[in-house]
1. Out of region 349-372, which residues are surrounded by fewer than 20 Cβ atoms within 10 Å (Cβ to Cβ), more than 16 Å from the chain's Cα centre (by Cα) and outside any helix (DSSP H, G or I)?
2. Could we say that Ala265 is of a type outside the set (Lys, Arg), under 35 Å from the mean Cα position of the chain (by Cα), modelled with pLDDT of 75 or more and closer than 17 Å to Gly2 by Cβ here?
3. What about Leu471, is it more than 19 Å from the chain's Cα centre (by Cα) and assigned by TED's automatic domain parsing to the domain that holds Asn27?
4. Out of all the residues in region 353-402, which are of a type in the set (Gly, Ala, Ser) and in contact with a Gly (Cβ under 7 Å, 6 or more places away or on another chain)?
5. Here is a list: Thr414, Thr405, Thr458, Thr512. Which entry is of a type in the set (Val, Ile, Thr), part of a helix (DSSP H, G or I) and buried (at least 24 other Cβ atoms within 10 Å of the Cβ)?
6. Run Val247 past the list (1) buried (at least 17 other Cβ atoms within 10 Å of the Cβ); (2) over 30 Å from Ser112 (Cβ atoms); (3) of a type outside the set (Gly, Ala, Ser) and report the number of the one that doesn't hold.
7. Go over the candidates Arg185, Arg212 one by one and state the one that is touching a residue at least 12 places away in the same chain (Cβ under 8 Å), of a type in the set (Lys, Arg) and either over 30 Å from Arg72 (Cβ atoms) or in contact with a strand residue (DSSP E or B) (Cβ under 6 Å, 6 or more places away or on another chain) (or both).
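The values are calculated or read from the model by the stated rules, or taken from the named source; none is laboratory data. Predicted model, so just to flag it, every value in this text is computed and none were measured. Note that we place each Cβ from the backbone using ideal geometry, even for glycine, and neighbour counts take in every protein chain shown.
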Amino acid sequence: MGNFQILQTALIMFPAILITCHNFLQNFTAMTPEHHCRPVNWTNGSQVPGGVRDGDLLRVFIPLDKDQKPERCLRFSEPHWQILNLNGTSSLNLDTEGCLDGWVYDQSVDSSIVSEWDLVCEHKSLKSIAQSIYMTGQLVGAITFGIFSDRYGRKRVLQSATVLMIAVGLGAACAPSFPAYCAFRFLSGMAMTGIIVASLCLTMEWTPTQRRTLVNTYAMYMITLGQVILSGLAYFIRQWRWLQGTVSVTYVIILLYSWGLPESACWLVTHNKLDMAVKNLQAVARLNGRKEQGRKLTPEVVSFHMQEDTAAVKESPFFLDLFRTPGLCKVTCCIALGWFSAGFSFYGLALDVQKFGFNIYWVQMLFTVMDLPTKLLAGLSMGYFGRRITVVSLLLLASCMILVTTFVPQDMNTFQMILCLFGKGSLAGCFTCLYLYTMELFPTEIRQIGMSAGIFSTRLGSLLAPLIYILGSHSPVLQPVMFGLMPILAAIAASFLTETNNQPLLDTIQETEKR
């Protein structure tokens with residue numbers, strides 16, 4: 001790798017870090033604090049017996065649940081002072097009602113969208129729906145930005161998506177209502193996908209074949225670093241609007257340096273923009289200390305070497321091109337199922353860390369740290385054993401870890417968390433493989449669309465994952481069974497894919513059929 005490739009690889013850290021910050025932002029901006037109904041209004045303070053503590057006073061207004069904690073969604077229809085008397089009437093037969101006057105929240109959590117818009121009790125499903133709406137935006141963005149990138153170039157899409165992300169991210173931070181917040185988050189998801197696919201493709205298409213695994217692993221580690229940074233930011237910035245705005249405004253960094261990035265030479269050549277391709281190649285050669293070799297490049301030389309490839313490229317690739325030939329159809333279906341299953345199970349585990357009952361900041365940090373060894377092992381395994389066997393093995397390992405949790409008692413939170421840590425870590429390693437594997441399986445002329453198909457599939461899985469939480473409230477076993485079975489199906493599909501280890505990137509669909 002030359003100086004240019006090293007610099008570009010270093011710059012990819014910013015998109016990779018910020019990907020995670022937005023994807024897991026709702027773990028903190030949508031935390032559910034302890035809460036109970038606002039007590040029935042009463043004004044005659046003289047009715048309060050002397051020496052009554054605040055905790056005992058709450059029992060007069062709020063019934064206790066099976067764990068002897070205040071009910072979250074019920075209150076007594078009128079105060080019952082006799083409960084304070086040890087010989088008083090039991091609260092089991094007293095009349096209750098819903099939280100007609102709103103809720104009182106634990107003030108140790110400064111603010112979240114849950115406490116601001118009362119997304120609790122009968123409205124608690126809206127929290128999961130908000131995350132699904134964000135993932136739906138990523139799903140839509142995978143289609144639109146993927147097509148735009150293959151038509152208009154990686155660099156233009158990267159810049160456009162970054163501008164959109166800054167605008168709508170700040171819009172979400174200033175949202176006056178929950179529907180407005182969801183609308184801005186939907187657009188944030190769209191912009192996020194554009195940044196992901198454009199930045200990764202732009203980097204990989206400038207990276208030598210022998211270094212793609214290393215660069216891909218580096219990018220995945222930056223994603224893990226993003227989770228660490230998010231946990232730190234959330235710990236110090238407890239107001240959800242400030243946290244949302246802080247994460248969004250940092251995209252200005254990407255916008256500033258993107259103007260100096262050269263467009264992908266692969267994309268320029270396959271779209272007959274030979275003059276610009278030669279100009280970019282010569283600039284890269286100078287930066288890499290090979291100025292003389294760069295001078296020898298001319299449009300004629302590049303055209304001669306790429307004549308067959310450019311003649312085979314369609315001017316405007318479309319999503320249906322992924323199914324144009326039998327070989328491409330097989331690759332598309334198998335890789336899409338892999339992305340879907342990984343996204344479905346990964347986000348199913350990673351977006352519900354509050355359920356373990358521990359400090360959410362430390363749990364998020366543990367889930368992040370677990371990604372480090374699995375991503376390292378995934379990177380090493382891809383180089384030694386190949387992409388296919390690594391993907392299959394990690395999917396099966398994740399499935400085993402998740403399914404075992406169905407046999408663990410609900411009160412063994414620590415053991416359940418450990419199993420989920422290993423399951424989520426295995427899926428993180430699987431993503432490390434899928435990003436690289438997908439770009440190697442699809443040719444240059446539709447690589448961006450192929451990558452977008454993978455992102456589309458994983459976002460489809462990730463938007464369905466929060467909805468499983470809603471169904472899981474009726475059956476605790478449903479969540480681990482659903483999240484555990486899908487990776488098995490994906491592993492079976494991945495076993496039919498072609499190995500790409502140490503193979504050059506393909507440029508045309510015809511080359512894909514010959515492999």
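1. If the condition is that a residue be surrounded by fewer than 20 Cβ atoms within 10 Å (Cβ to Cβ), more than 16 Å from the chain's Cα centre (by Cα) and outside any helix (DSSP H, G or I), then Gly357, Phe358, Asn359 are the ones that fit.
2. yes
3. yes
4. The answer is Ala378, Ala398, Ser399.
5. Going through Thr414, Thr405, Thr458, Thr512 in turn, just one is of a type in the set (Val, Ile, Thr), part of a helix (DSSP H, G or I) and buried (at least 24 other Cβ atoms within 10 Å of the Cβ): Thr458.
6. Against the list (1) buried (at least 17 other Cβ atoms within 10 Å of the Cβ); (2) over 30 Å from Ser112 (Cβ atoms); (3) of a type outside the set (Gly, Ala, Ser), Val247 comes up short only on (2).
7. Details: Arg185 fails: either over 30 Å from Arg72 (Cβ atoms) or in contact with a strand residue (DSSP E or B) (Cβ under 6 Å, 6 or more places away or on another chain) (or both).
Exactly one residue qualifies, and that residue is Arg212.
The rows are residues; the columns are (1) under 13 Å from Ser248 (Cα atoms); (2) among the acidic types (Asp, Glu); (3) out of contact with any Ser or Thr (no Cβ under 8 Å at 6 or more places or on another chain).
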position	(1), (2), (3)
Gln159	no, no, no
Leu164	yes, no, yes
Val168	yes, no, no
Ala173	yes, no, no
Phe178	no, no, yes
Ala183	no, no, yes
Phe186	no, no, no
Gly194	no, no, no
Ala198	no, no, no
